[in-house]
1. Checking Gly306 against (1) over 30 Å from Cys108 (Cα atoms); (2) touching a Pro at 6+ places or on another chain (Cβ under 9 Å); (3) exposed (fewer than 14 other Cβ atoms within 10 Å of the Cβ), which single condition isn't satisfied?
2. Looking at region 180-201, which of its residues are aliphatic (A, V, I, L, M), part of a helix (DSSP H, G or I) and out of contact with any Phe, Trp or Tyr (no Cβ under 9 Å at 6 or more places or on another chain)?
3. Report whether or not Asp60 is within 30 Å of Arg169 (Cβ to Cβ), surrounded by 15 or more Cβ atoms within 10 Å (Cβ to Cβ), among the acidic types (Asp, Glu) and at pLDDT 95 or above.
4. Go through region 117-154 and report how many residues are within 16 Å of the ligand (Cβ to nearest atom) and part of a loop (DSSP other than H, G, I, E, B).
5. So which of Val109, Val175 ends up being in contact (Cβ under 8 Å) with a residue 12 or more places away in the chain and under 19 Å from His271 (Cα atoms)?
6. Sort out which residues of region 328-366 are under 25 Å from Gly92 (Cβ atoms) and in contact with a Ser or Thr (Cβ under 6 Å, 6 or more places away or on another chain), and write them in order of number.
7. Across region 300-330, which residue is nearest to Ile119 (Cα to Cα) among those that are more than 16 Å from the ligand (Cβ to nearest atom) and of a type in the set (A, V, I, L, M)?
8. For the structure I just gave you, tell me whether Leu188 is in contact with a Leu (Cβ under 6 Å, 6 or more places away or on another chain) and under 22 Å from Gly56 (Cβ atoms).
Amino acid sequence: MSATPLVRSSAVLRVAVVGSGPSGCYTAQSLVQQDPDVLVDVLDRLPCPYGLVRYGVAPDHEKIKSLQTSLRTILEHERVRFLGGVGIGPGGVPAERLRELYHAVVYCVGAATDRHLGIPGEELPGSWSATEFVSWYSAHPDSAADGFVAGARSAVVIGVGNVAVDVTRMLARGVTELSPTDIPHPALTALAASRVTEVHMVGRRGPSQARFTTKELRELGSLPDTEVAVHAEELARDPAYLDPSALPAPQRRNVEVLRGWAAAESRPSAHRISLRFFLRPVELLANGGRVGAVRFERTVPDGRGGVRGTGEFEEIEAQLVLRSVGYLGVPLEGLPFDPATGTVPHLGGRVLREGTVAPGEYVAGWIKRGPTGVIGTNRPCAKETATSLLEDASTLVHKDLPGDPLEALRAAGVEPVGWSGWCAIEAAEAELGASLGRGVVKLPDWQSLMNAARGR
Ligand SMILES: Cc1cc2nc3c(=O)[nH]c(=O)nc-3n(C[C@H](O)[C@H](O)[C@H](O)COP(=O)(O)OP(=O)(O)OC[C@H]3O[C@@H](n4cnc5c(N)ncnc54)[C@H](O)[C@@H]3O)c2cc1C
């Protein structure tokens with residue numbers, strides 16, 4: 001990767017970045033920083049920028065959410081334009097048309113769907129993907145679901161990654177802690193009325209193999225009026241828990257936190273979070289037409305880093321089940337796709353079609369490397385892609401374009417939500433919050449977002 005700016009002695013290079021999440025913003029930033037003659041349009045199907053920083057990061061993680069401020073400065077750069085409400089693909093602007101309007105297109109579309117467990121009962125009412133629950137409390141305008149916590153006393157969260165920790169924590173949070181966040185009002189009201197007192201977070205492997213990070217894990221122990229319970233004998237089935245000396249530092253720290261909880265006295269609390277390991281879900285069991293329990297098979301280490309079933313089973317009562325076993329990219333019209341990894345094949349960010357570089361097409365972020373890493377991981381990933389693109393620029397720039405892509409979009413009947421439209425949404429969210437006696441509160445549906453953006 002070249003560390004010095006690439007200088008091109010030719011005309012303006014027009015680049016479309018599809019997706020305004022971290023990878024889209026960092027790609028735009030890297031392009032304008034490295035090349036003084038590049039103009040970048042950042043398009044997003046939503047009228048709001050920032051991708052999962054706005055619609056994934058939990059509302060109570062205000063410090064991480066505040067990263068939006070630095071992403072904002074990128075989208076306000078004089079050579080960057082935000083064009084919201086423009087979907088690429090079916091129902092929106094065809095990908096082929098986009099390629100005609102720009103010298104290069106960088107797809108930064110993230111990983112929009114969730115993996116399935118593939119077990120009986122998964123579709124029972126009361127069983128949801130963590131994505132659905134996250135979209136609901138994040139006010140994603142596509143979220144149609146509701147009633148997650150209604151009637152539930154016990155919840156099972158399947159998975160032991162950071163998203164599983166997020167949803168577990170949100171179920172245990174009280175209204176006093178959530179009210180100052182930007183959580184939409186219907187979700188706040190529902191969580192305030194929730195009678196879920198017991199949340200079981202369950203992994204099929206051992207504690208040393210869990211994917212949560214120590215900071216997120218430890219935070220569970222600092223929730224008001226909440227006890228974190230672990231089963232000491234279950235933890236001890238993991239050889240690396242008993243002797244963590246060979247573990248990498250992050251996993252060793254996780255083990256230390258769990259040991260602390262194992263040694264702690266039980267104390268009566270309004271909420272109890274129970275962390276369980278070596279349990280593989282095999283079936284969701286119905287009760288009165290909806291989920292009533294999850295049946296797990298006990299597993300043991302297989303000596304090769306995995307686990308095997310033992311034929312012993314355990315049922316955990318749950319009227320709410322949240323499945324958090326990973327995100328997956330979805331194919332984008334006209335782009336090659338590897339269904340196994342949910343990513344677009346690439347070489348240094350250049351899209352590969354049948355093993356050959358497709359000129360002018362690039363990827364960055366989760367759709368490039370899969371749903372891993374933290375927000376900051378997207379920065380070097382985006383820089384690699386931007387550098388590849390600028391290395392190709394002297395060839396790409398020779399393509400004749402029909403003029404300003406915005407005019408071409410408008411001529412085709414597409415009226416994007418520009419930066420001023422997004423600022424109007426922000427103002428409407430501040431106004432809504434003030435009317436509710438809260439800070440900024442997110443608008444939860446397409447109509448109110450578009451009304452605000454269009455000044456209606
Ligand atoms: C629930 C959850 C919580 C997380 N919390 C944290 C956290 O606390 N800290 C942390 O460091 N990381 C966190 N992450 C990870 C972080 O959010 C990701 O690393 C990051 O968002 C990935 O960036 P991205 O740009 O590739 O994708 P995204 O952020 O998903 O952005 C993709 C963008 O593309 C747009 N798009 C998709 N398809 C199209 C299309 N066809 N046309 C136009 N636009 C399109 C989407 O609307 C979206 O805005 C979390 C992830 C999840 C799922």
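The values are calculated or read from the model by the stated rules, or taken from the named source; none is laboratory data. The structure displayed is predicted, hence computed values, not measured ones. Heads up, the Cβs are rebuilt from the backbone with ideal geometry, glycines too, and the neighbour counts pull from every protein chain shown.
1. Result: Gly306 passes all but (2).
2. Ala192
3. Spelling it out, Asp60 is indeed within 30 Å of Arg169 (Cβ to Cβ), surrounded by 15 or more Cβ atoms within 10 Å (Cβ to Cβ), among the acidic types (Asp, Glu) and at pLDDT 95 or above.
4. 8
5. Val175
6. Leu328, Gly329, Val330, Gly349, Arg350, Tyr362, Ala364, Gly365
7. Only one residue fits best here, namely Val321.
8. So Leu188 fits the description; yes.
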